[in-house]
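Down below is the structure, laid out as structure tokens.
The values are calculated or read from the model by the stated rules, or taken from the named source; none is laboratory data. Quantities reported herein were computed from a predicted structural model and do not represent experimental measurements. Every residue, glycine as well, gets a Cβ built from its backbone with ideal geometry; the counts of neighbours run over all protein chains shown.
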Amino acid sequence: MRLFEAIIDANHRAVAGDAEASLRPADFADELPIIALTCIDPRLNALFPNVIGLPGEQFIWLRNAGNIITSTLSSTMRSLALACAVKGGREIVIIGHTDCHVAQTTTTVLLDRLKALGVDRSQLPANLSEYFGTFGSERQNVIKGCSFARSSPLIGPKIPVHGLMVDIQTGKLDWVVNGYETLHAPAQPTMAKTDFATMGALGAFKDFDMGEMKFPEMKIGDAAAPGKPAETAARPGMITVPPAATPPPPPIKKSPLPPIKTKPPLNPYKDFRRG
């Protein structure tokens, strides 16, 4: 069982009331410290790092509004990269939470609140959603953040990037993205850009001549005239195109998740359900 598998296991047992739920950080020395990106919501102050089960010195805590990552080279990605390179972070986890107020704030509401603070709309970027990274689903926001971090050139290929959700009421953690499974997954292919200028220079596009087009000699409505049988044979000069064959869809391969091994707890798990 690897670090975050053990963390999830101990967390679930603790939330269920197991007073003996535990995590031994010494057993995972090669995977520590971890870097966690969470929201700035003050309700999280009482949860972390207790729900993770790690001591504070092994928990590098980064926070921004909505635990948002807007691109592979954003300022948040810079902080994650420095936390790995300077502070020695071994694994990254992006943790969203239930009842996120950022997710509940629409662009219109955001504009109204900024205006109330004296912020003029003309001073803001044109695309507010892109700039602020607003979102409507906490889970999708975590998935998007993990994708940016995993594909960022600032993050080494040996760093697992996990995604979790924490219940703001109970402290229960749940998987969103298992970074151990996606660590060696191939990158998503990108669509190649078409160089139209080069294609034109190579003669891919030639001048169009109306004289080369030939149309069937029939009147509009002949084929649909009532009582008149449809003609199946092509008329002289008619361009016929055989229907394109539709290839069968590729088979879907399912990869079963590896079984999670468990072991008896050894150390008491801190009680984070307070307040």
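Tell me which residues, restricted to the range 120-158, are under 21 Å from Leu3 (Cβ atoms) and surrounded by 19 or more Cβ atoms within 10 Å (Cβ to Cβ).
Within the range 120-158, the subset under 21 Å from Leu3 (Cβ atoms) is 142-143, 145-146, 149-150, 155-158.
Across the range 120-158, the qualifying residues are Val142, Gly145, Cys146, Ala149, Arg150, Ile155.
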>> Looking at the range 61-75, can you tell me whether even one residue there is under 17 Å from Ile155 (Cα atoms), among the small types (Gly, Ala, Ser), under 16 Å from the mean Cα position of the chain (by Cα) and surrounded by 14 or more Cβ atoms within 10 Å (Cβ to Cβ)?
In response: yes
> Out of all the residues in the range 67-114, which are closer than 17 Å to Gly163 by Cβ, without any contact (Cβ under 8 Å) to a residue 60 or more places away in the chain and in a loop (DSSP other than H, G, I, E, B)?
Replying inline: Ala103
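Looking only at the range 32-70, count how many residues are among the polar types (S, T, N, Q) and at positive phi. Walk me through it before giving the result.
Here is the first cut: in the range 32-70, the ones among the polar types (S, T, N, Q) are 38, 45, 50, 58, 64, 67, 70.
This time we only want the ones that are at positive phi, so: 67.
Here the count works out to 1.
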> How many residues are β-branched (Val, Ile, Thr) and under 12 Å from the mean Cα position of the chain (by Cα) if we restrict to the range 151-181?
Replying inline: 3
>> Return the pair list, or none, for Cβ contacts closer than 7 Å from residues in the range 177-188 that are within 18 Å of Leu37 (Cα to Cα) and at pLDDT 95 or above to residues that are small (Gly, Ala, Ser) and surrounded by 10 or more Cβ atoms within 10 Å (Cβ to Cβ), at least 6 apart or on different chains.
In response: Val177/Gly163
> Do any residues in the range 13-26 that are outside any loop (DSSP other than H, G, I, E, B) have Cβ atoms under 7 Å from those of residues that are among the aliphatic types (A, V, I, L, M), where the two are at least six apart or on different chains, and which pairs are they?
Replying inline: Arg13/Ala21; Ala14/Ala21; Pro25/Leu32; Pro25/Leu54
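For residues in the range 115-149 being part of a loop (DSSP other than H, G, I, E, B) and in contact with a Phe, Trp or Tyr (Cβ under 9 Å, 6 or more places away or on another chain), which is nearest to Gly179 (Cα to Cα)?
Pro125
Regarding Ile35, is this residue within 19 Å of Gly156 (Cβ to Cβ), in a loop (DSSP other than H, G, I, E, B), among the hydrophobic types (A, V, I, L, M, F, W, C) and in contact with a helix residue (DSSP H, G or I) (Cβ under 7 Å, 6 or more places away or on another chain)? Give the steps one after another, and end with the answer.
Working: within 19 Å of Gly156 (Cβ to Cβ): yes; in a loop (DSSP other than H, G, I, E, B): no; among the hydrophobic types (A, V, I, L, M, F, W, C): yes; in contact with a helix residue (DSSP H, G or I) (Cβ under 7 Å, 6 or more places away or on another chain): yes.
In short, no.
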